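The block underneath contains the structure these notes are about, expressed in structure tokens.
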Amino acid sequence: MLIEIGQVEAIFRYPVKSMGGERLEVANLGWHGLEGDRRLAFRRMDDDDRSGFPWLTASKLPDLLLFAPQRREDGAPGDLHLPTHVRTPEGKEMPVFGEDLAAEVGRRYGAPVQMMQLNHGIFDEASISVIASDTVREIGRLAGRSPDVRRFRPNVVVRLLRSVPFQEDEWLGGVLSFGEGDDAPAITVTMRDVRCSMVNLDPDTASPAPEVLKAVVRAHQNTAGIYGAVTRIGRLEVGQTILLRAATGKGERG
């Protein structure tokens with residue numbers, strides 16, 4: 001049985017991993033997440049980490065959040081979903097694959113970096129992330145901070161019909177459909193989103209506020225929001241109805 005749980009409140013895409021995001025009204029959901037999401041990342045050339053995760057993130061260089069990917073439309077070739085330039089915190093625009101940008105980021109990091117492109121994206125756990133605005137507000141209240149959904153870097157923000165923080169847990173194993181009809185884009189909810197120090201960083205200043213992650217740990221075992229796997233591709237749009245087909249045994253009444 002399908003249950004209406006809310007609406008799409010906001011959509012975000014992050015063209016370069018850990019850099020500033022884009023707020024969108026519409027986006028295409030493909031088999032590897034939103035088109036253009038996290039397709040680029042800086043690789044740490046000094047990486048001696050055997051974890052298999054060589055990418056430079058804001059947890060290692062908070063300043064990355066202050067770099068803003070841009071797309072110039074003056075005849076730029078290539079994927080229309082990918083940026084052509086990046087605006088630095090000082091307002092200078094540099095070509096995304098240029099030596100100047102790599103040098104600037106490397107200078108701040110203290111070691112060489114190289115911009116890389118992966119067609120299927122560079123994700124921590126899964127290709128799509130979702131959080132409810134009620135969850136963000138509750139964490140902000142507990143942390144004594146103004147709620148800012150950008151700290152959590154989701155792809156989809158949900159405005160819930162039933163205002164209950166951390167309601168996302170109820171969706172585990174189920175399927176979320178965005179819009180009505182058998183061809184509506186959909187994801188299977190695979191796991192809770194385990195949070196890290198990224199949520200402490202102010203998206204506008206990169207300054208840390210450790211109380212945010214502490215609030216997530218205290219309130220909800222260090223998780224907030226969910227990850228999903230795409231099961232049907234299509235068009236996402238702000239205002240779409242979101243329907244849940246609960247996992248077998250959930251949400252049923254005898």
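The values are calculated or read from the model by the stated rules, or taken from the named source; none is laboratory data. Computed from a prediction, not measured in an experiment: that's the story for all the values here. Cβ: placed from backbone, ideal geometry, glycine included. Neighbour counts: every protein chain shown. Only protein heavy atoms, including side chains, enter the accessible area calculation; ligands, DNA and RNA are left aside. Shrake-Rupley method; radii C 1.70, N 1.55, O 1.52, S 1.80 Å.
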- Selection from 80, 156, 105, by position along the positive dipole direction of region 69-169 (Cβ): 156
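According to the square roots a ≥ b ≥ c of the eigenvalues of the Cα gyration tensor, what is the shape class of region 185-254, taking rounded for a/c under 1.5, prolate for a/b larger than b/c otherwise, and oblate for the remainder?
Details: a/c = 2.89, a/b = 1.62, b/c = 1.78.
Verdict is oblate for region 185-254.
Which number gives the lysine pairs in the chain that have C-alpha atoms under 26 Å apart and are eight or more places apart or on different chains? Please report the intermediate quantities before stating the final value.
Details: 17/60; 17/92; 17/214; 60/92; 60/214.
Eligible lysine pairs with Cα atoms under 26 Å apart amount to 5.
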- Task: Specify the angular offset, from 0 to 90 degrees and rounded to the nearest 10, of the alpha carbon long axis of helix 99-109 from the longest principal axis of the alpha carbons in the chain.
- Result: 70
- Read-out Rg and Dmax of the Cα atoms in Å, derived from the coordinates shown; its label in (i) 22.1, 74; (ii) 18.5, 64; (iii) 17.9, 51: (ii)
- Note on the structure: Per residue, accessible area of the chain with a 1.4 Å probe, heavy atoms of protein chains only, in Å², comes to 48
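With the cut-off at 1.5 for a/c, could you classify region 113-254 from its C-alpha gyration tensor as rounded, prolate or oblate?
Details: a/c = 1.91, a/b = 1.27, b/c = 1.51.
Because a/c hits 1.5 or more and a/b fails to exceed b/c, region 113-254 counts as oblate.
Please give the contour-minus-distance gain from residue 103 to residue 46: 0.36 nm per residue of separation, less the Cα-Cα distance, rounded to one decimal in nm. Let's see the in-between values first.
Numbers: separation 57, 0.36 × 57 = 20.52 nm, distance 1.40 nm.
Extending this stretch completely gives an extra 19.1 nm.
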- Message: If the elastic network links every pair of Cα atoms under 10 Å, which of 228, 121, 91 fluctuates the most in the Gaussian network model of the chain?
- Response: 91
- Note on the structure: Expressed as a percent, the accessible surface of region 95-254 that is carbon or sulfur, using a 1.4 Å probe and the full set of protein chains, is 49
- Message: Shape verdict for region 109-175, please, from the Cα gyration tensor: rounded (a/c under 1.5), prolate (a/b greater than b/c) or oblate.
- Response: oblate
